[in-house]
Amino acid sequence: MGKLNDFAKENSRFFKISDGESIEVVFESFTVGKSSFDPEREVVSYSLKTDEGKKIWNSSSPRVASFFDKVSPGQTVRIHRTGEGTNTKYDLAIVEKDSSDGFPEEPEPNE
């Protein structure tokens, strides 16, 4: 990506990735509202925490909605984009993370 594209991506309040790109984000919440492109349709706005800060991802995809129905706030999600325009497909997966040192957390001792 060029410097101006990087600038636009960092300063936009909306989530955007390019064809072939993958990114890990933290799911925060969602709201349902009217589409700005077609007020007759509803769209889900997902609030995501990225390296560039909080971003909004608008999607009317039932597949994306079904996926996020299984995601809890605070969980990390990997999003991979394939295609462009109306031929875009997103592969979504919950990222299971251990403790910050890479080792599984020790169980709490019994008292």
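Could you please find all residues in the range 18-39 being over 13 Å from Ile79 (Cβ atoms), surrounded by 12 or more Cβ atoms within 10 Å (Cβ to Cβ) and either without any contact (Cβ under 8 Å) to a residue 12 or more places away in the chain or out of contact with any Asp or Glu (no Cβ under 8 Å at 6 or more places or on another chain) (or both)?
Initial filter on the range 18-39 (over 13 Å from Ile79 (Cβ atoms)): 28-39.
Now restrict to residues that are surrounded by 12 or more Cβ atoms within 10 Å (Cβ to Cβ): 28, 30, 35.
Glu28, Phe30 - these are the residues of the range 18-39 that are over 13 Å from Ile79 (Cβ atoms), surrounded by 12 or more Cβ atoms within 10 Å (Cβ to Cβ) and either without any contact (Cβ under 8 Å) to a residue 12 or more places away in the chain or out of contact with any Asp or Glu (no Cβ under 8 Å at 6 or more places or on another chain) (or both).
Going by the structure shown, is Glu28 more than 11 Å from the chain's Cα centre (by Cα) and either at negative phi or modelled with pLDDT of 90 or more (or both)? I'd like the intermediate steps shown before the answer.
Details: more than 11 Å from the chain's Cα centre (by Cα): no; either at negative phi or modelled with pLDDT of 90 or more (or both): yes.
No.
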Handout entry: Residue in the range 40-59 that is surrounded by the most Cβ atoms within 10 Å (Cβ to Cβ), counting only those that are more than 18 Å from Asp91 (Cβ to Cβ) and of a type in the set (S, T, N, Q)
Key = Ser47
Exercise for the section: Report whether or not Phe15 is out of contact with any Cys (no Cβ under 9 Å at 6 or more places or on another chain), at pLDDT 95 or above and surrounded by 12 or more Cβ atoms within 10 Å (Cβ to Cβ). Expected result: no
Fill in the blank from the handout: In the range 1-25, residues that are within 13 Å of the chain's Cα centre (by Cα) and of a type in the set (Ser, Thr, Tyr) total 1
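The values are calculated or read from the model by the stated rules, or taken from the named source; none is laboratory data. This structure is a prediction, so every number in the text was calculated from the model and none was measured. FYI the Cβ positions are ideal-geometry reconstructions off the backbone, even for glycines, and counts take in every protein chain you see.
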